[in-house]
Amino acid sequence: MKKFDKERVLLAVAGPVIALVLAIALTSIVLLASGKNPFEPYRLMLEQLPYSDIQVLIINQASLYYIAALAVALGFRMNLFNIGVDGQYRLAVVMTAVVGANIALPGFLQIPLLLLVAMCTGAFWAGIAGVLKVTRGVSEVVATIMLNSIATSLIGYVTLADVWGVQVGNNMTTGVMEKSGWFPGIDLGSDVGEIYGLVFLAVLLGVLYWIVLNRTRFGFDLRATGASETAAAASGVNAKRMVLTSMLLSGAVAGLSGLPLLLGDTHTYSLSFPAGLGFTAIGIALLGRNHPGGIALAALLWAFLDKASPALDYATPVAYEKEIATIMQGLIVFAVVISYEAVRQWGLRRQQRQVGAELAAAALNVKKEEVAAR
């Protein structure tokens with residue numbers, strides 16, 4: 001049993017490790033082809049890690065990535081590809097910012113209200129795709145892609161000056177939220193920065209994700225339905241209800257993705273608010289193999305590449321383009337697909353060898369028994 005566990009862990013870790021090694025190798029080839037040192041950028045970025053302000057930036061950014069990736073992973077575990085996390089996250093942030101700017105309650109009521117608004121908005125937007133899938137058979141990929149575009153238009157409407165928009169210079173915002181809705185963080189000083197208080201929400205969500213999927217009947221039904229809807233239905237699980245529930249949960253978690261930044265820093269939504277978070281989360285969930293621990297490491301890696309790469313622009317005597325980090329992120333996603341398929345084939349062949357060995361041993365035992373009986 002112990003040997004099996006070790007092999008299973010090896011198979012789980014092999015995919016991400018191979019993907020990272022491939023991404024680094026391919027990025028180095030790109031650098032070499034451009035006539036630059038293929039190793040210097042990695043050294044420059046790693047040198048940023050000891051700085052406390054960079055560490056704070058990485059942790060804060062990773063919290064956004066982590067929550068969004070959990071939303072994606074919830075869909076993946078159900079064999080659903082919720083590509084609409086980006087639209088769900090942005091629409092939830094806008095509606096939360098609008099409510100926070102126009103409703104003033106005591107802090108112990110205001111913050112739960114804002115969390116609820118974000119979750120309900122994200123769940124509602126993802127639920128549209130879920131309803132279309134279970135009632136009309138519409139692919140969630142197509143539905144969520146289109147809903148992303150509709151969300152962008154809705155955000156543009158909500159931020160109009162004659163709706164809820166507030167002009168600040170050349171930027172349209174939703175107005176500054178009431179201070180009772182600002183979530184306090186951990187202030188480490190003016191030179192270091194502040195860790196978002198909702199970083200702990202990300203940790204809590206990761207724990208809940210693991211408990212629900214691995215220690216509850218609902219989590220078992222969800223994983224079983226994702227593996228085979230027919231088999232799940234035969235065991236009494238309502239597959240359509242599980243699909244809709246999974247989309248609602250994924251959307252609710254996606255709605256929380258932007259709150260660490262909104263409640264902990266900007267306190268308003270504007271055109272400069274990060275976009276593309278949902279698409280980044282897909283790569284992070286894939287790299288983390290939909291496991292909360294793996295997703296955490298992948299989110300930290302992504303955040304590190306984001307926050308350490310600006311140092312490449314100021315390197316001397318030769319400057320490197322910070323887009324190198326973006327290339328590496330893209331190559332990681334590309335390599336993940338290849339490495340996971342290779343690991344899957346490897347695991348399949350290992351199982352086949354084990355079964356063959358067990359059958360051969362059983363046949364040998366039968367033959368021995370026959371010889372002894374004679």
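Within the shell defined by Cβ-Cβ distances under 13 Å, the residues around SER28 carry a net charge of +1, with Lys and Arg each +1 and Asp and Glu each -1. Measuring nothing but protein heavy atoms, the accessible surface of segment 76-184 at 1.4 Å probe radius is 69 percent carbon and sulfur. When LYS133, LYS368, LYS322 are compared by accessible surface with a 1.4 Å probe, the order from highest to lowest is LYS368, LYS322, LYS133.
Kindly identify the chain as rounded, prolate or oblate by the Cα gyration tensor criterion: order the square roots of the eigenvalues as a ≥ b ≥ c, call it rounded if a/c is under 1.5, otherwise compare a/b with b/c, prolate if a/b is larger, else oblate.
Values: a/c = 2.25, a/b = 1.39, b/c = 1.62.
Oblate.
For segment 104-161, what is the Kirkwood hydrodynamic radius in Å, using each pair of distinct C-alpha atoms?
Numbers: mean 1/r = 0.0756 Å⁻¹.
Mean inverse Cα-Cα distance, inverted, gives 13.2 Å.
Taking every alpha-carbon pair in segment 149-208 and binning the separations at 10 Å intervals from zero gives 18, 26, 34, 22, 1 percent. Over all other residues within a Cβ to Cβ distance under 14 Å of ALA363, the charged ones net out to -1, with Lys and Arg as +1 and Asp and Glu as -1.
Please report the net charge: other residues with Cβ closer than 14 Å to the Cβ of LEU70, K and R +1, D and E -1.
My count for the surroundings of LEU70 gives +2.
Please sort 295-307, 150-162 by packing, taking for each peptide the average over its residues of neighbouring beta carbons within 10 angstrom, highest first.
Working: 295-307: 22.4, 150-162: 14.4.
Going by the mean number of other Cβ atoms within 10 Å, highest first, we get 295-307, 150-162.
Helix 323-373 and the longest principal axis of the C-alpha atoms of the chain enclose an angle of approximately 20°. Remark: segment 21-36, residue by residue, has Karplus-estimated 3J(HN,Hα) of 5, 5, 5, 5, 5, 5, 5, 5, 5, 4, 5, 5, 5, 8, x, 10 Hz, where x stands for each Gly or Pro and the curve is 6.51 cos²θ - 1.76 cosθ + 1.60 at θ = phi - 60°.
Amide H to amide H distances under 5 Å link THR173 with VAL166, GLN167, VAL168, where only residues 5 or more positions off or on other chains count and H is placed in the peptide plane. Charge dipole of the chain (Cα centre as origin; +1 on each Lys and Arg Cβ, -1 on each Asp and Glu Cβ, all else neutral): 1840 debye, rounded to the nearest 20.
Taking only pairs that are 8 or more places apart or on different chains, how many Lys pairs in the chain have Cα atoms under 24 angstrom apart? The partial results should precede the final answer.
Details: LYS36/LYS307; LYS36/LYS322; LYS133/LYS240; LYS307/LYS322.
Eligible lysine pairs with Cα atoms under 24 Å apart amount to 4.
If you average the C-alpha positions of segment 84-145 and of segment 295-327 separately, how far apart do those two centres end up, in angstrom? Centre-to-centre distance over Cα atoms comes out at 31 Å. For the chain, what is the accessible area per residue in Å² when the probe is 1.4 Å? Ligands and nucleic acids excluded, the result is 51 Å² per residue.
Computed in the context of the full set of protein chains, the accessible area of segment 256-354 at 1.4 Å probe radius has 63% of its extent on carbon or sulfur. Within segment 215-366, the percentage of alpha carbon pairs spaced more than 27 angstrom apart rounds to 51%.
Express the Stokes-Einstein translational diffusion coefficient of segment 1-150 in µm² s⁻¹, to the nearest whole number, given a Kirkwood radius over alpha-carbon pairs, 20 °C and a viscosity of 1.002 mPa s. Walk me through the numbers before you get to the answer.
Details: Rh = 19.6 Å.
Approximately 109 µm²/s, per Stokes-Einstein.
The values are calculated or read from the model by the stated rules, or taken from the named source; none is laboratory data. Treat the numbers as computed from the prediction; the structure is a model and nothing was measured. Here the Cβ is made from the backbone with ideal geometry for all residues, glycine too, and neighbour counts use every protein chain on show. Surface accessibility is based on the protein's heavy atoms, side chains included, excluding ligands, DNA and RNA. Shrake-Rupley method; radii C 1.70, N 1.55, O 1.52, S 1.80 Å.
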